[in-house]
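For reference, the structure is listed below as structure tokens.
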Amino acid sequence: MNILINLFALLLLVFNVNTIKLPNKYSCWGYEDNCQFNSSFSGSKIKCKKNMPINQKKLFFDRGDFGYIKPHISSLKVICDSNNHSDGSFLECSDHLRYCKAKNIYFDLKSLNPKTTKRYKEDVINEGEVGGNCKVKFNKNLLKSRLDQKGYLQTWAQELENFDSYDNFKIDDNNCDVVFERPTIIIKLDASVNMYHHFCDFLNLYASQHICNNFTLNYDILWWDTSLQGYVDEIFGDVWKAFSNSKPKELIHFSGKKLCFKEALFPLLSRQIMGLFYNTPIPDGCSGTGLFISFHYHLIERLNISQNGPKLNKLRVTFLSRSTNFRRIMNAEKVSCTIVKIFFDTKKMKLLRM
């Protein structure tokens, strides 16, 4: 019987991974058209101090919650288009090329030299090394107007500024060394050794899936990391299983190759100007965000993490101490000893009362 139940649960997962379930008591996430804040997922999550101006609560929602997604959706514009997306190219991006979707495009990595490359290299893609076949429209002026912000972990400007349309391009063996048949997430990444840094990547990828309204696991993932050593993700590598059912691939392994993508997603990146959550100017006095809470639930469900607890009459204290000069806690040893003493004395008092 248990085998049948597990099989049924697996089938439900397979057939429903393209979407994410909004709890029935909410009418919207918060970024949709005509979504009323009070009936949205975030409506009951944000808590602010009494007598705080309503505009401050809205500002908190716009910068640190699902409101963060709205301008990316509203600013989406088509740069390249074709009548038939089965073979013609397509490119759509938000302001500043922070988020893009594409079909039937290529990147030529002939300028990626493993002997001279380094991490965060910004001149990997040059003229003639990125493009497609825009059979109906190619708005080069729109593309140029959105190149106003550049930075390795800020936008996709360096990778897409030389995008062009070529009448003779199509995805085949003559034009491509490697073809990514499945939809592919192309992502530039922050440091993997630090949870705060790396989860900027994961949170923005989750937000990007809300923008494109697709949560399927049937994505390939390409780590756009230009270091010869590659991108090592030993600590948090399992989190990728929440976004893809295949092992991530590394850009450096394709140096010198011409890569073709039938469908590509360029997600929001970790260090955008005024982005989440590295450079976010959040107003004081509010806490709680539906975006972060739903991200938490999403990971718990996708990674099949069980919560055993909280245990009755048990309190777990986690004390984190950094080792770098400007981040370490100067009296960390004293604090940890005090914590131990508090709990030891509490336990001793209980024993005396018995």
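Rule-based calculations on the coordinates, nothing more; no lab input. Keep in mind the model is a prediction, meaning the values are calculated, not measured. Cβ: placed from backbone, ideal geometry, glycine included. Neighbour counts: every protein chain shown.
Normalised by the number of residues in the chain, the mean separation of alpha-carbon contacts (under 8 Å, six or more apart) gives a relative contact order of 20 percent.
Counting only helical runs of four or more DSSP H residues, what would the 222 nm mean residue ellipticity of the chain come to if each run contributes -39,500 (n - 2.57) and the total is spread over all its residues? Theoretical 222 nm ellipticity from helices: -8000 deg cm²/dmol. Any chance you could check the Cα centroid distance between the stretch 138-164 and the stretch 265-315 for me, in angstrom? Cα centres, the stretch 138-164 to the stretch 265-315: 29 Å. Out of (1) 5, 20, 28, 24, 14, 6, 2, 1, 0; (2) 5, 25, 35, 24, 9, 2, 0; (3) 5, 21, 25, 21, 16, 10, 4, 0, which label holds the value of P(r) over Cα pairs in 10 Å bins from 0, in percent that was computed here? Structure-derived value, by its label: (1).
Any chance you could run the full-extension gain for Asn313 through Asn325? It's 0.36 nm times the residue separation minus the Cα-Cα distance, nm to one decimal. Don't skip to the answer; put the middle values down first.
On the way: separation 12, 0.36 × 12 = 4.32 nm, distance 3.73 nm.
Contour length minus Cα-Cα distance gives 0.6 nm.
Taking the mean number of other Cβ atoms within 10 Å as a proxy for protection, how do you rank 310-318, 283-291, 204-212, 325-333 from highest to lowest? Intermediate values should be presented prior to the final figure.
Working: 310-318: 6.9, 283-291: 17.8, 204-212: 21.4, 325-333: 9.1.
Output ranking for 310-318, 283-291, 204-212, 325-333: 204-212, 283-291, 325-333, 310-318.
With a/c under 1.5 counting as rounded, go ahead and sort the stretch 145-193 into rounded, prolate or oblate using the C-alpha gyration tensor (a ≥ b ≥ c being the square roots of the eigenvalues; past the cut-off, prolate if a/b is larger than b/c, else oblate). Mind showing how you got there, number by number?
Values: a/c = 3.44, a/b = 1.40, b/c = 2.45.
Because a/c hits 1.5 or more and a/b fails to exceed b/c, the stretch 145-193 counts as oblate.
Legend note: in the chain, cysteines whose Cβ sits 4.7 Å or more from every other cysteine Cβ are Cys200, Cys212, Cys337. For the stretch 27-35, putting each phi into the Karplus relation 6.51 cos²θ - 1.76 cosθ + 1.60 with θ = phi - 60° gives couplings of 9, 6, 6, x, 9, 6, 4, 6, 8 Hz, in residue order, rounded to whole numbers and with x for Gly and Pro.
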